[in-house]
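**Student:** One structure coming up, written as structure tokens, with questions to follow.
The values are calculated or read from the model by the stated rules, or taken from the named source; none is laboratory data. These numbers come from a predicted model, not from an experiment. Reconstructed Cβ throughout: ideal geometry from the backbone, glycine too, with neighbour counts over all protein chains shown.
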Amino acid sequence: MTTYPALVQLVRLLGRTAALAAIAAEVEPEPAGLTEKQRGSLATLLDARMEEVATRLVDEAAASDDVSGRAAAIAFVQDRITSFGDLVNPHQAERLLGLASEAVAGWG
């Protein structure tokens, strides 16, 4: 199950204004309260912004004091993706991780 902080992070990564508009909400709702239509809208938005979200995740990994190289960056991104729980389907999770892996390929 997705936690509220994970939903807030996903909304931020997607672009808060666009994400809240997609789910027709003024503020981030509790994840358990999302309807199937809202979940579908988030999934559609993620598909449209996949590269941007992956880039933002890598940027966050780069800014983290806990990330010191490529393997740590991938672990950081994987942890974030996992935290999104059922809001990100397996195909989307795989694609995000793949894009992030490509982005950090040259890291030491």
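**Student:** Report the residue count in segment 82-107 for those that are out of contact with any Lys or Arg (no Cβ under 7 Å at 6 or more places or on another chain), in a loop (DSSP other than H, G, I, E, B), over 26 Å from Pro31 (Cα atoms) and of a type in the set (A, V, I, L, M, F, W, C).
**Tutor:** Total meeting the criteria: 1.
**Student:** Before we move on, is Ala71 part of a helix (DSSP H, G or I) and touching a residue at least 60 places away in the same chain (Cβ under 8 Å)?
**Tutor:** Criteria not met by Ala71.
**Student:** To continue, here is another question. So is Gln38 at pLDDT 95 or above and under 12 Å from the mean Cα position of the chain (by Cα) or not?
**Tutor:** It is false that Gln38 is at pLDDT 95 or above and under 12 Å from the mean Cα position of the chain (by Cα).
**Student:** From Asp86, Asp59, grab the single residue that is touching a residue at least 24 places away in the same chain (Cβ under 8 Å), surrounded by fewer than 16 Cβ atoms within 10 Å (Cβ to Cβ) and under 15 Å from the mean Cα position of the chain (by Cα).
**Tutor:** Asp86
**Student:** To continue, here is another question. Does segment 30-41 contain at least one residue that is surrounded by 15 or more Cβ atoms within 10 Å (Cβ to Cβ), among the aliphatic types (A, V, I, L, M) and more than 16 Å from Leu97 (Cα to Cα)?
**Tutor:** yes
**Student:** Ala62 versus (1) assigned to a helix (DSSP H, G or I); (2) farther than 26 Å from Gly98 by Cβ; (3) among the small types (Gly, Ala, Ser): which is the lone unmet condition?
**Tutor:** So the condition that Ala62 fails would be (2).
**Student:** Also, quick follow-up: For a quick check of your reading of the model, give me the residue pairs whose first member lies in segment 24-53 and is on the phi > 0 side of the Ramachandran plot, whose second is assigned to a helix (DSSP H, G or I), with beta-carbon atoms closer than 9 Å and at least 6 apart or on different chains.
**Tutor:** Correct list of pairs: Ala24/Lys37; Ala24/Gln38; Ala24/Ser41.
**Student:** Being modelled with pLDDT under 95 and of a type in the set (S, T, N, Q), is that true of even one residue in segment 78-87?
**Tutor:** No - not one qualifying residue is present in segment 78-87.
**Student:** How many of the residues making up segment 58-73 are under 11 Å from Val104 (Cα atoms), of a type in the set (A, V, I, L, M, F, W, C) and touching a helix residue (DSSP H, G or I) at 6+ places or on another chain (Cβ under 9 Å)?
**Tutor:** 5
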